[in-house]
Amino acid sequence: MKRSELIFNIVSIVVDSAMLFFAASAAYFLRYRTVNSFPQYPIQFDLSYPSFLRNFLVALPIVLAFLAINGLYNLKSTRRFWPMIIRVAAVVSAGLMVFVAAYFFDPQIFPSRLIVLLTWVLSILLVGLGRTVLLLTERTLLRRGIGQHKLVLIRGAKGDYGLEAQIKKQTRLGYKIIAILDGRDDAALVHNLERIDNADGIDEILQADVDLTPSANEDLVRFTHDHGILFQYVPDIIESQRTNITATDVAGIPIIELRNTPLQGWGKVVKRVMDITLSFLGLLLLSPLIVLIAIAIRIDSPGRVLYVQQRFGQGRPFKFYKFRSMFQELSVGEEYGGSKAENMRQELWKVNARHGPFLKVRNDPRVTRLGRVLRATKLDELPQLLNVLRGEMSLVGPRAHVIEEVELYREKYRRQFTIKPGLTGLTQIAQAREPDLPFEEEIRLNTFYIENWSFALDLKIILNTLLVLFSRAEKKAYY
């Protein structure tokens, strides 16, 4: 999801909320305050406006949830006027019906049945009006080139089914074609895409060559996974790819979207809200413990309290924080042990206890006495809550690896770097239980997480992490 789309979706929520508020308030004042507007039937229970607003705040999240569940905060599904208006009317009606069904016979909430009818009619009219204004605003911005998706179109001997003409004609679709590639030259496809992405940045690839070979299609899928690009294709291709598939259309032509991860779109927003909330609370509640650990590190061995290192995640390096658990003169980095530490690290590669490009040494001689305790309890990772709060990491995700190790990665494993690394994750839990976890198993777990992310999965991983940390079972680990 582009930043402009995210902002527009947030604005849509605000506008919908405002329109529902105006509709409910207008219904209240029409019934209670406007003289001769309606026949003045006796009202058995009077209701103050503040009390009415409290009831409105109960109904509001129900209606907004219905709008979200039915895809009305997905810009692609709201760009055609009449289908959008019909869906808004149906979904608003359904949301209000759920609220009414739960509270209709409570006279304190519904002292006047006329308010229910007025709120329903006015909500459809005002939410529809708000959505119309938003749609016209979006179309104006798209015509001016603001918020357009940079699209690469791939076509073959059978052409592109008129996609190029329709995309250029219908600016409301939100695409800007930055390149058209010939699928018949499949050997050069990925190379050309690399060049275009480096020069202009690609948001989406639309594969319209149904005759493209399976191997070329898989190369395209791998490329989009590695670069975090949305992949769309005309049906009946890439039969081996079944995860995160969504059906859509471009100008009435059926298209299949193959998402890299559910973390694209609103999933990313939900995950970020959880990260900010829990990392802030964690830093606040654990601040006394953090201070005590810092003091203990200074007493245990001379040197800095924090170990700061360049790590790699989501396609870019960032400063990674953790409590120093090694002797400073043996810690890698110019500001720490320098060449001496690097030479020792190279020697330790000879006794690497784990297959793969990542260094793991049993009974690592560089680790201090306190460092072994901090590593065993994972307390050395508490400063990473700051990385999470800053948006460089997530609470849950693949492990953050050092840049030198990433360079050793084979090309097909780059996919795990398309999302933020995590303080904990499936791999971290598995390694706590099985320190000799094979490298290929780590990749499999990370790939599963990327393809199957959900809010519930994150919560389950966090709870399992706590169980592992507080388990008294003896663990063989690399301390």
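Going through 242, 272, 259 one at a time, which residue ends up being among the basic types (Lys, Arg), within 23 Å of the chain's Cα centre (by Cα), within 19 Å of residue 458 (Cβ to Cβ) and modelled with pLDDT under 90? I'd like the intermediate steps shown before the answer.
Details: 242 fails: within 19 Å of residue 458 (Cβ to Cβ); 272 fails: modelled with pLDDT under 90.
When all the criteria are applied, what remains is 259.
Quick check on the stretch 205-226. Is at least one of its residues touching a His at 6+ places or on another chain (Cβ under 9 Å), at pLDDT 90 or above and not β-branched (Val, Ile, Thr)? Show your work before the answer.
Step one: of the stretch 205-226, the residues touching a His at 6+ places or on another chain (Cβ under 9 Å) are none.
No: zero hits.
Taken over the stretch 307-318, the residue count meeting the criterion of being over 24 Å from residue 373 (Cα atoms) and of a type in the set (D, E, K, R) is 1.
Does residue 353 satisfy the condition of being under 19 Å from residue 309 (Cβ atoms), modelled with pLDDT under 75 and not β-branched (Val, Ile, Thr)?
On the way: under 19 Å from residue 309 (Cβ atoms): no; modelled with pLDDT under 75: yes; not β-branched (Val, Ile, Thr): yes.
Answer is no for this residue.
Sub-7 Å Cβ pairs linking a first residue in the stretch 333-346 that is in the same structural domain as residue 366 (by TED's automatic domain parsing) to a second residue that is of a type in the set (Ser, Thr, Tyr), at least 6 apart or interchain, are 337/331; 341/331, ordered by first then second residue. Scanning the stretch 276-308 for residues that are assigned to a helix (DSSP H, G or I) and either touching a helix residue (DSSP H, G or I) at 6+ places or on another chain (Cβ under 7 Å) or surrounded by 14 or more Cβ atoms within 10 Å (Cβ to Cβ) (or both) yields 276, 278, 279, 280, 282, 283, 290, 293, 294, 296, 297, 300.
Can you list the helices (runs of 4 or more DSSP H) found entirely within the stretch 363-425 that contain at least 1 residues being modelled with pLDDT of 90 or more? Step through it out loud before you land on a result.
Numbers: elements: 369-377, 384-390, 403-406.
Counting at least 1 such residues, we get 369-377, 384-390.
Taken together, 319, 268 contain a single residue that is surrounded by 14 or more Cβ atoms within 10 Å (Cβ to Cβ) and of a type in the set (Lys, Arg), which is 268.
Conditions (1) in contact (Cβ under 8 Å) with a residue 40 or more places away in the chain; (2) crowded, with 16+ Cβ neighbours inside 10 Å; (3) charged (D, E, K, R), marked per residue:
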site: 137; (1), (2), (3): no, no, no
site: 143; (1), (2), (3): no, no, yes
site: 148; (1), (2), (3): no, yes, no
site: 154; (1), (2), (3): yes, yes, no
site: 160; (1), (2), (3): yes, yes, yes
site: 174; (1), (2), (3): yes, yes, no
site: 183; (1), (2), (3): no, yes, no
site: 189; (1), (2), (3): no, yes, no
site: 202; (1), (2), (3): yes, yes, no
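Does residue 54 meet the test of being of a type in the set (Lys, Arg), modelled with pLDDT of 80 or more, within 34 Å of the chain's Cα centre (by Cα) and surrounded by fewer than 17 Cβ atoms within 10 Å (Cβ to Cβ)? The answer is yes for residue 54. Residue 202: outside any helix (DSSP H, G or I) and among the β-branched types (Val, Ile, Thr), yes or no? Yes: the conditions hold for residue 202. For the stretch 327-343, name all the residues that are at pLDDT 80 or above and either over 35 Å from the mean Cα position of the chain (by Cα) or more than 18 Å from residue 372 (Cα to Cα) (or both). Passing the criteria: 327, 328, 329. Among the residues of the stretch 122-135, write down those that are surrounded by fewer than 17 Cβ atoms within 10 Å (Cβ to Cβ) and either in contact with a Cys (Cβ under 8 Å, 6 or more places away or on another chain) or polar (S, T, N, Q) (or both). Result: 132, single match.
The values are calculated or read from the model by the stated rules, or taken from the named source; none is laboratory data. It should be emphasised that the depicted structure is a prediction, and the values quoted were computed from it without experimental measurement. Because the Cβ atoms are built from the backbone with ideal geometry, glycine has one as well, and the counts that use them run over all protein chains shown.
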